[in-house]
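Peer 1: Below you'll find the structure I mean.
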Amino acid sequence: MDWIAVGLSVDVPAGTVVPRRVNDTDMAIWCSAAGKLHAWGDRCPHRGMRLSHGFVRGETLSCIYHGWQYGMDGTCSYIPAHPQLEPPKTICARSYACNEQDQMIWVALAPTQAKTPDAEGRRPVRSLEITLPVAKVAEGLGHPMSSLMVLGGVYDLAVALQPSTQHSCVLHAFAGADQERKQVSRHLEKMRAELESADA
């Protein structure tokens, strides 16, 4: 999968940072004050503290440990203990491609020319953690693995799977604009229970 969904845009409003895991890779997903989304490796280059514990200051992300600040491109822009020092450009957080599409946040672990998936008018409903490997979930849904899978059926559903660890994943669901959200949510919970019980 070129693009992997990591959460609904509403869950990462401007000025916040959240942790996410993709293929055992820990990430800090943050949104600047101006609304620009970023996906970085979840380790400060200084002492390895999780950047997802940090805080957003305008268009920078600050590590909570020693306050080192990182600009939009991931490079260190300010070190509080040495305010007169211009940090070397080699001090840089690892960054990944990150796009917002259809109110969903997507990241790419490797460079790609592929377009961010289009939900074709569907809107995000919710995200559910599933205690199964991502391949097992795709198999249970009867679909080959892809960034966005249209399920069809009773509800106009499309799902994006986020592989978290070897044993779990997160399912991000989209539904047609005319679908009743509560009913779709109950349907998704039933689907999760069936997938997990079938593998028990």
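The values are calculated or read from the model by the stated rules, or taken from the named source; none is laboratory data. Computed from a predicted structure; not experimentally measured. When we count neighbours, we look across all protein chains shown, and the Cβ atoms used for this are built from the backbone with ideal geometry, even at glycine. Ligands, DNA and RNA are stripped out before the accessible areas are found, and what is left, the full protein with its side chains, is counted by its heavy atoms. Shrake-Rupley method; radii C 1.70, N 1.55, O 1.52, S 1.80 Å.
Peer 1: So is THR60 open to solvent by less than 50 Å² (accessible area, probe 1.4 Å) and in contact with a strand residue (DSSP E or B) (Cβ under 9 Å, 6 or more places away or on another chain) or not?
Peer 2: Answer is yes for this residue.
Peer 1: If you go through segment 45-68, how many residues are of a type in the set (A, V, I, L, M, F, W, C), under 24 Å from MET104 (Cβ atoms) and in a loop (DSSP other than H, G, I, E, B)?
Peer 2: Of the residues in that region, 0 qualify.
Peer 1: Also: Determine if segment 90-103 includes at least one residue that is open to solvent by less than 50 Å² (accessible area, probe 1.4 Å), under 30 Å from GLU180 (Cα atoms) and out of contact with any Lys or Arg (no Cβ under 8 Å at 6 or more places or on another chain).
Peer 2: Yes, there is a match, as at least one residue in segment 90-103 is open to solvent by less than 50 Å² (accessible area, probe 1.4 Å), under 30 Å from GLU180 (Cα atoms) and out of contact with any Lys or Arg (no Cβ under 8 Å at 6 or more places or on another chain).
Peer 1: Listed residues VAL184, VAL125, VAL137; which is open to solvent by less than 60 Å² (accessible area, probe 1.4 Å), among the β-branched types (Val, Ile, Thr) and part of a strand (DSSP E or B)?
Peer 2: Going through VAL184, VAL125, VAL137 in turn, just one is open to solvent by less than 60 Å² (accessible area, probe 1.4 Å), among the β-branched types (Val, Ile, Thr) and part of a strand (DSSP E or B): VAL125.
Peer 1: Could you list, in sequence order, all residues of segment 14-44 that are open to solvent by 20 Å² or more (accessible area, probe 1.4 Å), of a type outside the set (S, T, N, Q), under 30 Å from HIS167 (Cβ atoms) and part of a loop (DSSP other than H, G, I, E, B)?
Peer 2: Selection gives ASP24, ARG43.
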